[in-house]
Amino acid sequence: MDGKLKEAANYFAFDPNEVETEDYAYRADMTFWPGNTYELKDIDLKKPGVRKPKRRVEFETTTEEVLHNADFRNVRFLTNFITEAGILVKSSKNGISAKAQRKIAREIKTARAFGLMPFTTMGTKQFVFGRTMEDLDATILSIQKLAGNPLLRLKR
């Protein structure tokens, strides 16, 4: 009887070498949440896993840095806080305080009023600090020439 009790007690014992001895494989490309049940096809290593999209490297800053560097003349810094459509990025997305967000908004409005930044870039190429539209057009034209774009031949 003691042998059966000991065997039953050791049945649920934790063995750190269990993965090597039982030949288990961990699926690193999926997230398995505790408490959920999974079908065999979800765990099958022969099937391709779910591809997670790569995160785009975004601009990260602190509130102190924003309060120190935000100025309507510092257009390169301010362009990190607007989208391609010219809309201000939410403070919850860039992680700055409400005070810093108000300062950013005020400085962007001032830079736009002075003509240092565009009000919108919709329908045109994205705003790049230090580059004129003529420079961007020349760059795109040279890329199209190298690629042998058929649309380029139609424009001439």
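The values are calculated or read from the model by the stated rules, or taken from the named source; none is laboratory data. This one's a predicted model, so the numbers in the text were calculated from it and none came from an experiment. Neighbour counts are summed over all protein chains in view; Cβ atoms, including those assigned to glycine, are modelled from backbone coordinates with ideal geometry.
A search for C-beta distances below 9 Å between a residue of segment 30-45 that is surrounded by 10 or more Cβ atoms within 10 Å (Cβ to Cβ) and any residue that is at pLDDT 70 or above and in a helix (DSSP H, G or I), counting only pairs 6+ apart in sequence or on different chains, returns Met30/Asp42; Met30/Ile43; Phe32/Asp42; Phe32/Ile43.
Scanning segment 87-115 for residues that are without any contact (Cβ under 8 Å) to a residue 12 or more places away in the chain, buried (at least 19 other Cβ atoms within 10 Å of the Cβ) and more than 22 Å from the chain's Cα centre (by Cα) gives no hits.
Check whether at least one residue in segment 115-132 is among the aliphatic types (A, V, I, L, M) and modelled with pLDDT of 90 or more, and report yes or no. Looking through segment 115-132, none of the residues is among the aliphatic types (A, V, I, L, M) and modelled with pLDDT of 90 or more.
Here's the yes/no breakdown for (1) modelled with pLDDT under 90; (2) charged (D, E, K, R):
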position: Leu45; (1), (2): yes, no
position: Arg51; (1), (2): yes, yes
position: Leu78; (1), (2): no, no
position: Lys103; (1), (2): no, yes
position: Lys109; (1), (2): no, yes
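Any residue in segment 67-86 that is touching a Lys or Arg at 6+ places or on another chain (Cβ under 7 Å), surrounded by 14 or more Cβ atoms within 10 Å (Cβ to Cβ) and in a helix (DSSP H, G or I)? So far as segment 67-86 goes, yes, one or more of its residues are touching a Lys or Arg at 6+ places or on another chain (Cβ under 7 Å), surrounded by 14 or more Cβ atoms within 10 Å (Cβ to Cβ) and in a helix (DSSP H, G or I).
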